[in-house]
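Reading through the structure tokens given below for one structure.
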Amino acid sequence: MTEVTPQDFDLDAWIDGAERPARSVTVYQKAGLIAELDALAERIENAEADESAEMVYERGIGEQSESQRLRVEFNKLSKQFHDSALVITLEGRDDAEKTALAKANPGLTGTQMGYVVIADAITAPKITAAQLEKLAGRIGDVQFDRVIAQFHKACTELPAVSADFLPKRSTPDDGGE
């Protein structure tokens, strides 16, 4: 890597490559499956508690136990839930842009204007304000509040990378055991 001196630095190239802060959030189309998954998890726990070594002999070798059959069903539903994920990417908007959108859309209520601003900020998938309002009604407040929260983060927080999700090292040198 060659060292760049202040005299060699191309500020115009850097500015041309600059991007606005953006955030993403995952919402689920099939969030209602969670109720079925909760019920199945409880049935699996109960089935496992009821199963004993004697039942293995009664069942016969190679036959699935009730808990195994329920786990297969749980995995199928879990896959359906995860496959229903939609990642929404939002880009920050400044006050001037929000004001310009308000001027371009006179007569809207505060809520309607909110849908216009957030729909404008969504870069993927492209969405209209009407579609966003319909989405909000379908996915519910909890999921839609996460969309709004990520929009606010994109507008107000400094971009920074967090590695908090990475596993922590636990060697004596790192203060671990």
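Annotation note: of Asp94, Asp120, the sole residue that is acidic (Asp, Glu), surrounded by 12 or more Cβ atoms within 10 Å (Cβ to Cβ) and out of contact with any Lys or Arg (no Cβ under 6 Å at 6 or more places or on another chain) is Asp120. Quick one: would you say Val72 is under 30 Å from His152 (Cα atoms) and either modelled with pLDDT of 95 or more or not in a loop (DSSP other than H, G, I, E, B) (or both)? The answer is no for Val72. Small (Gly, Ala, Ser), surrounded by 15 or more Cβ atoms within 10 Å (Cβ to Cβ) and not in a helix (DSSP H, G or I): does that describe Ala31? Against the criterion (small (Gly, Ala, Ser), surrounded by 15 or more Cβ atoms within 10 Å (Cβ to Cβ) and not in a helix (DSSP H, G or I)), Ala31 qualifies.
For the structure I just gave you, tell me whether Lys103 is closer than 30 Å to Lys30 by Cβ and either exposed (fewer than 10 other Cβ atoms within 10 Å of the Cβ) or basic (Lys, Arg) (or both). Spelling it out, it is not the case that Lys103 is closer than 30 Å to Lys30 by Cβ and either exposed (fewer than 10 other Cβ atoms within 10 Å of the Cβ) or basic (Lys, Arg) (or both).
Being surrounded by 11 or more Cβ atoms within 10 Å (Cβ to Cβ), among the small types (Gly, Ala, Ser) and either assigned to a loop (DSSP other than H, G, I, E, B) or modelled with pLDDT of 95 or more (or both): is that true of Gly114 here? So Gly114 fits the description; yes. Going by the structure shown, is Val142 in the same structural domain as Ala47 (by TED's automatic domain parsing), of a type in the set (A, V, I, L, M), under 27 Å from Leu37 (Cα atoms) and free of Cβ contacts under 8 Å to residues at least 24 places away in the same chain? No: the conditions fail for Val142.
Scanning the stretch 89-99 for residues that are in a strand (DSSP E or B) and of a type in the set (S, T, N, Q) gives a single hit, Thr89. Among the residues making up the stretch 75-88, those that are outside any helix (DSSP H, G or I) and hydrophobic (A, V, I, L, M, F, W, C) are Ala85, Leu86, Val87, Ile88.
The values are calculated or read from the model by the stated rules, or taken from the named source; none is laboratory data. No experiment lies behind these values; they were computed from the predicted model shown. Virtual Cβ from ideal backbone geometry, glycine too; neighbours counted across all protein chains shown.
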